[in-house]
Amino acid sequence: MCITMPRRILIILGQPSSNSLCAALARTYADAARHCGAEVRLLELGKMVFDPILHHGYEQPQPLEPDLLVAQADITWAQHLVWVYPIWWGGLPALLKGFLDRIFLPGFAFKYRANSALWDRLLIGRSAELLVTMDSPPWYYRWVQRQPGHRQMKQAILEFSGIQPVRVHNFGPVVKSSDAMRADWIKRVRMLGARAGRC
């Protein structure tokens, strides 16, 4: 029996393909969290329509497409953010990075302070989890490559904006994974979703 407390969870699938291992992990997490009483929304970046290029940086406004306005509203609504994506070339997929460039803007994610090197974190009050697949063995990514994608997402983006704690869960190596390994990963993510839904 689940003892539930309503929790608002937003899952962001940063893998463009809806038929990927990442997609399966995202849906498994969503199903488990819903089963435990959480309110869950799922954003699939591969199905959204937006320009991932921030053409002028912060020098001039770039109007947000309707899908990005919905995404900002969902992030504002959420208490817990779950980012599901692969590591490609050591870092974030281009689509996910473009999504972050477009919506984690001054005035939404952070605010510069006048005459100061400090800033205000505007997304305080939210936690996050990263469900990250990779072809490298996780130990190699950590100790040899020094986790550049994790450090960028966790520290330079999410914690910079006030989102914490941020927990990272690695799944790999995918390229030579067996059916048994993938089934174990699905089971692990189901447990994470249930815990987030407070079963």
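The values are calculated or read from the model by the stated rules, or taken from the named source; none is laboratory data. Small disclaimer: the values here were computed from a predicted structure and weren't measured. Please note: Cβ atoms are built from the backbone with ideal geometry, for glycine as well, and neighbour counts cover all protein chains shown. These area figures cover heavy atoms from the full protein model, side chains too; ligands, DNA and RNA do not enter into them. Shrake-Rupley method; radii C 1.70, N 1.55, O 1.52, S 1.80 Å.
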Review point. Using Cα atoms only, what is the angle between the long axis of helix 66-77 and the major principal axis of the chain, expressed in degrees (0 to 90) to the nearest 10?
Key: 70 degrees
Practice item. Work from the charge dipole of the chain (Cβ charges, +1 for Lys and Arg, -1 for Asp and Glu, about the Cα centre) and give the residue of Ala109, Leu54, Ile124 farthest towards its positive end. Key: Ile124
Review point. Classify the range 90-199: rounded, prolate or oblate, from the alpha-carbon gyration tensor (a ≥ b ≥ c, eigenvalue square roots; a/c under 1.5 rounded; otherwise prolate if a/b is larger than b/c)?
Key: prolate
Check your understanding: Among 145-156, 13-24, what's the highest-first ranking by average C-beta atoms within 10 angstrom per residue?
Key -> 13-24, 145-156
Check your understanding: So how tilted is helix 21-35 from the main axis of the chain? Cα-based, degrees 0 to 90, rounded to 10.
Key -> 90 degrees
Check your understanding: Across the range 184-189, in residue order, what do the Karplus-derived ³J(HN,Hα) couplings come to in whole Hz, using 6.51 cos²θ - 1.76 cosθ + 1.60 with θ = phi - 60° and x for Gly and Pro?
Key -> 5, 5, 4, 4, 4, 5
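Enter the accessible area per residue of the chain (Å², integer; probe 1.4 Å; all protein chains in place). Kindly include the intermediate steps, with their values, before the conclusion.
On the way: 10480 Å² over 199 residues.
Ligands and nucleic acids excluded, the figure is 53 Å² per residue.
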Study note, to complete from the structure: Lys pairs in the range 85-199 with Cα under 22 Å (8 or more apart in sequence, or on separate chains) total 4
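Which order do the peptides 119-132, 59-72 come out in when sorted by mean C-beta neighbours inside 10 angstrom, highest first?
Details: 119-132: 18.4, 59-72: 13.3.
Sorting 119-132, 59-72 by mean packing, highest first, produces 119-132, 59-72.
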Review point. Using 7 Å Cα-to-Cβ label points, what is the Ser18/Lys187 separation (nm, one decimal)?
Key: 3.0 nm
Exercise for review: Enter the accessible area of Tyr140 (Å², nearest 10), with the probe set to 1.4 Å and all protein chains included.
Suggested key: 90 Å²
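Stretch Val49-Arg121 to full length: gain in nm at 0.36 nm per residue minus the Cα-Cα span?
Details: separation 72, 0.36 × 72 = 25.92 nm, distance 2.75 nm.
Taking Val49 through Arg121 to full extension adds about 23.2 nm, to one decimal.
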Check your understanding: What is the distance, in nm, between label points placed 7 Å from the Cα along the Cα-to-Cβ direction at Tyr140 and at Gln152?
Key -> 2.0 nm
Revision key, fill the gap. Among (1) 12.1; (2) 13.5; (3) 11.2, the entry matching mean projected area of the Cα convex hull in nm² as calculated here is (1)
Exercise for review: Order Arg8, Arg195, most accessible first, counting only protein heavy atoms with a 1.4 angstrom probe.
Suggested key: Arg195, Arg8
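Using a 1.4 Å probe on the protein chains only, how many percent of the accessible area of the chain belongs to carbon and sulfur? Please list the in-between numbers first.
Values: 5780 of 10480 Å².
The value for the chain is 55 percent carbon and sulfur by accessible area.
Determine the relative contact order of the chain: mean sequence separation of Cα pairs under 8 Å and six or more apart, normalised by residue count, in whole percent. Mind showing how you got there, number by number?
On the way: 353 pairs, mean separation 57.9, N = 199.
Relative contact order here is 29 percent.
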